[in-house]
1. Looking at segment 86-114 only, could you name the residues that are of a type in the set (Gly, Ala, Ser) and surrounded by fewer than 18 Cβ atoms within 10 Å (Cβ to Cβ)?
2. Go through segment 92-133 and give me each residue that's in contact (Cβ under 8 Å) with a residue 60 or more places away in the chain and touching a Gly at 6+ places or on another chain (Cβ under 8 Å).
3. Which one of Gln38, Gln80 is more than 26 Å from Phe133 (Cβ to Cβ) and either touching a helix residue (DSSP H, G or I) at 6+ places or on another chain (Cβ under 9 Å) or crowded, with 19+ Cβ neighbours inside 10 Å (or both)?
4. Looking at segment 124-135, which of its residues are more than 12 Å from Leu153 (Cα to Cα) and under 17 Å from the mean Cα position of the chain (by Cα)?
5. Checking the structure you have, find out if any residue of segment 19-32 is modelled with pLDDT of 90 or more and hydrophobic (A, V, I, L, M, F, W, C).
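The values are calculated or read from the model by the stated rules, or taken from the named source; none is laboratory data. Values in this document were obtained by computation on a predicted structure and should not be read as measured data. Methodologically, a virtual Cβ is constructed for each residue, glycine included, from the backbone with ideal geometry; neighbour enumeration extends over all protein chains shown.
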Amino acid sequence: MRTLLIPGLALALVAAACTSYGPGAVRPGQTLAEAVAQMGPPTGRHPLADSGERLEFARGPFGRHTYMLDFDAQGRLVRQEQVLREEVFDRVRPGMRAEEVRALLGRPGHVSGIWRGGTVWSWRYESPFCQWFQVTLEPDGTVRDAGRGPDPLCETNDKDLLP
C-alpha cells in the first residue's frame, strides 16, 4: 500500500504546482486551454456578448479573490481582472439578473435565505475594514439592493474581551 501512496502523493503535488493562484503567468493571446493548464479548472463559465467566454477562478481561503479571464470568439485571452474590488461592486445595480451578477463577481462565498423568499449573496474581499459585499436577490432572481456590511467572521463576543 505504501508503494502506491508515495507516488500518488508526489503526482498530486506536481499537479498542484502546475496551477497558480493568480493569473500572473497567463498572457493576452494565450488560448483558453493554455490558461486552464496554468490556472486549473475554472469555478464558472460565463458567455460574453461578442461570442467569447469568461472563465471564473475563485480563490483564497475565504474567497477574497476571484479572477475573471475573458476570451474572444477564437478562444484567445483578451483580458484578465481580479473582480472582488470596490470599483467592480459599484457596477451592481437594482434590477440586474442573478446571472449578470455571477458573470461580474463570480460565485458568492456565502448564500443565505431571507424573509419573503429572497436570497443574500455575500463576497469577502481585501479591505482595510472587516467587511463583505452583499447582494439581495428577489425571489424572481433580480437584484433588490447591494452594499457593504460587517463580516460576521470579524465580530467578537463581548465576554471574550473580559479578563
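1. Answer for segment 86-114, where residues must be of a type in the set (Gly, Ala, Ser) and surrounded by fewer than 18 Cβ atoms within 10 Å (Cβ to Cβ): Gly95, Ala98, Ser112, Gly113.
2. Passing the criteria: Gly106, Arg107, Trp123, Arg124.
3. Going through Gln38, Gln80 in turn, just one is more than 26 Å from Phe133 (Cβ to Cβ) and either touching a helix residue (DSSP H, G or I) at 6+ places or on another chain (Cβ under 9 Å) or crowded, with 19+ Cβ neighbours inside 10 Å (or both): Gln38.
4. Tyr125, Glu126, Ser127, Phe133, Gln134, Val135
5. Scanning segment 19-32, I find at least one residue that is modelled with pLDDT of 90 or more and hydrophobic (A, V, I, L, M, F, W, C), so the answer is yes.
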